[in-house]
Amino acid sequence: MTVDDSKIDRYAVVGHPVKHSRSPMIQQFFAQETGENMSYGLLDASPDDFEVVVRGFGASGGKGLNITVPHKQAAFELATELGQAAVCSGAVNTLTFRTDGTIRGDNTDGIGFMKDLTVNQAQKIAGKRILILGAGGATRGILAPLLDAEPAEVLLANRTLERALTLVKEFETTIDFSACSFEDLAEREPFEIVINATSAGVRGEAPPFPPSCVSSISFCYDLTYGLEGTPFNAWARKHGSERTVQGWGMLVEQAAASFEIWRGTRPDTADILSKISV
Ligand code: ATR
């Protein structure tokens, strides 16, 4: 039996660099599991080429794109219609090309993170004291659903204090939500949930946080991931944390949410999570 390529719906991830992306492997796994007739590739586009590459993909019949670093804000600007999570975060990780020429932009990072944290990791958020390290794009993506889950407190600590203060001002919430510098953190009790949303580890830099913010009560979640574990999780364990998790689950769950937007069917994530997580 031959397969007619023109009948296969095309998707891809756009980033720069993009060749190490796990998205093709995850999305192809979902397609096989659900029997959806689709292909999923890699598109490397520099910031200068991003718009041409995205529009060209849509014009040639492509159905949807995942957007990764450094293009999530450019994708937000390019979309003609935005989902609520995209509006809250000012960033888009999922584009859908409609037949009428409109381009829908969604952000599934926040839902993916919350699904992993609250379902896969079984963490209760309500009433908890939460520390987020970092105030960049990754933090922006997870803040709205985290605040909606009614923690007792969310403290945002960042190397550049001004950036954290600006982010706090952007969110209207009844939750105790404030910002501080890493130095100020030394005055605080250990937190129950500590989320690393800085790119310090990715850049090979040691975690610059005061060790007193973690202890045996701290559940530590690194939004980044690596086959050898992450520098932040190693640091957290060294300073007493007994539970550390990498962002593999968030990666899989945000991919599942994108898949559902495109195909209208929710893939099961348990099988791939057991294969991919370390
Ligand atoms: P992302 O989209 O990955 O969040 P980003 O928007 O560039 O990328 O944000 C990176 C975050 O990591 C920021 O909070 C940054 O701190 P600054 O706002 O002070 O730049 C933080 N970060 C990067 N390298 C760091 C390091 N070596 N130590 C501490 N924080 C770091």
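Confirm whether residue 267 is over 21 Å from residue 138 (Cα atoms), in contact with a His (Cβ under 7 Å, 6 or more places away or on another chain) and either surrounded by fewer than 19 Cβ atoms within 10 Å (Cβ to Cβ) or in contact (Cβ under 8 Å) with a residue 40 or more places away in the chain (or both).
Taking the combined requirement at face value, the residue does not satisfy it.
Does segment 217-236 contain any residue that is more than 19 Å from residue 122 (Cα to Cα), away from the ligand (no atom under 16 Å from the Cβ), open to solvent by 10 Å² or more (accessible area, probe 1.4 Å) and not small (Gly, Ala, Ser)?
Yes, some residue in segment 217-236 is more than 19 Å from residue 122 (Cα to Cα), away from the ligand (no atom under 16 Å from the Cβ), open to solvent by 10 Å² or more (accessible area, probe 1.4 Å) and not small (Gly, Ala, Ser).
Test residue 75 against the criterion of being touching a Leu at 6+ places or on another chain (Cβ under 9 Å) and either under 30 Å from residue 173 (Cα atoms) or open to solvent by 40 Å² or more (accessible area, probe 1.4 Å) (or both), and give yes or no.
yes
Could you please find all residues in segment 19-33 being assigned to a loop (DSSP other than H, G, I, E, B) and either surrounded by 19 or more Cβ atoms within 10 Å (Cβ to Cβ) or without any contact (Cβ under 8 Å) to a residue 12 or more places away in the chain (or both)?
Quick first cut of segment 19-33, residues assigned to a loop (DSSP other than H, G, I, E, B) only: 19-22.
Selection gives 20, 21.
Do we have residue 144 as near the ligand (Cβ under 8 Å from one of its atoms), open to solvent by less than 60 Å² (accessible area, probe 1.4 Å) and either assigned to a helix (DSSP H, G or I) or touching a residue at least 40 places away in the same chain (Cβ under 8 Å) (or both) here?
Taking the combined requirement at face value, the residue does not satisfy it.
Going through segment 152-185 one residue at a time, which ones are outside any helix (DSSP H, G or I) and near the ligand (Cβ under 10 Å from one of its atoms)?
156, 157, 158, 159, 160, 181, listed by residue number.
Just to be sure I understand, how many residues within segment 186-213 are within 15 Å of the ligand (Cβ to nearest atom), within 22 Å of residue 110 (Cβ to Cβ) and either touching a Leu at 6+ places or on another chain (Cβ under 6 Å) or open to solvent by 30 Å² or more (accessible area, probe 1.4 Å) (or both)?
6
With respect to residue 41, is the statement that it is without any contact (Cβ under 8 Å) to a residue 60 or more places away in the chain and out of contact with any helix residue (DSSP H, G or I) (no Cβ under 7 Å at 6 or more places or on another chain) true?
For residue 41, the condition - without any contact (Cβ under 8 Å) to a residue 60 or more places away in the chain and out of contact with any helix residue (DSSP H, G or I) (no Cβ under 7 Å at 6 or more places or on another chain) - is not met.
Of the conditions (1) within 25 Å of residue 243 (Cβ to Cβ); (2) open to solvent by 10 Å² or more (accessible area, probe 1.4 Å); (3) in a strand (DSSP E or B), residue 132 satisfies every one except a single condition; which number is it?
Going through (1) within 25 Å of residue 243 (Cβ to Cβ); (2) open to solvent by 10 Å² or more (accessible area, probe 1.4 Å); (3) in a strand (DSSP E or B) one by one, residue 132 breaks only (2).
Would you mind stating whether residue 36 is surrounded by 14 or more Cβ atoms within 10 Å (Cβ to Cβ) and either among the polar types (S, T, N, Q) or in a loop (DSSP other than H, G, I, E, B) (or both)?
Values: surrounded by 14 or more Cβ atoms within 10 Å (Cβ to Cβ): yes; either among the polar types (S, T, N, Q) or in a loop (DSSP other than H, G, I, E, B) (or both): yes.
Here the answer is yes, as residue 36 does meet what is asked.
Select from segment 43-97 the residues that are more than 22 Å from the chain's Cα centre (by Cα) and among the hydrophobic types (A, V, I, L, M, F, W, C) and write down the one among them that is nearest to the ligand (Cβ to nearest atom).
It comes out as 53.
Give 109, 116 a once-over and let me know the one that is open to solvent by less than 40 Å² (accessible area, probe 1.4 Å), in contact (Cβ under 8 Å) with a residue 40 or more places away in the chain and within 16 Å of the ligand (Cβ to nearest atom). First the steps, then the outcome.
Details: 116 fails: within 16 Å of the ligand (Cβ to nearest atom).
After ruling out the rest, the residue left standing is 109.
The values are calculated or read from the model by the stated rules, or taken from the named source; none is laboratory data. What you are looking at is a predicted structure, and each value in this text was computed from that prediction instead of being measured. Virtual Cβ from ideal backbone geometry, glycine too; neighbours counted across all protein chains shown. SASA here: full protein model, heavy atoms, side chains in, ligands and nucleic acids out. Shrake-Rupley method; radii C 1.70, N 1.55, O 1.52, S 1.80 Å.
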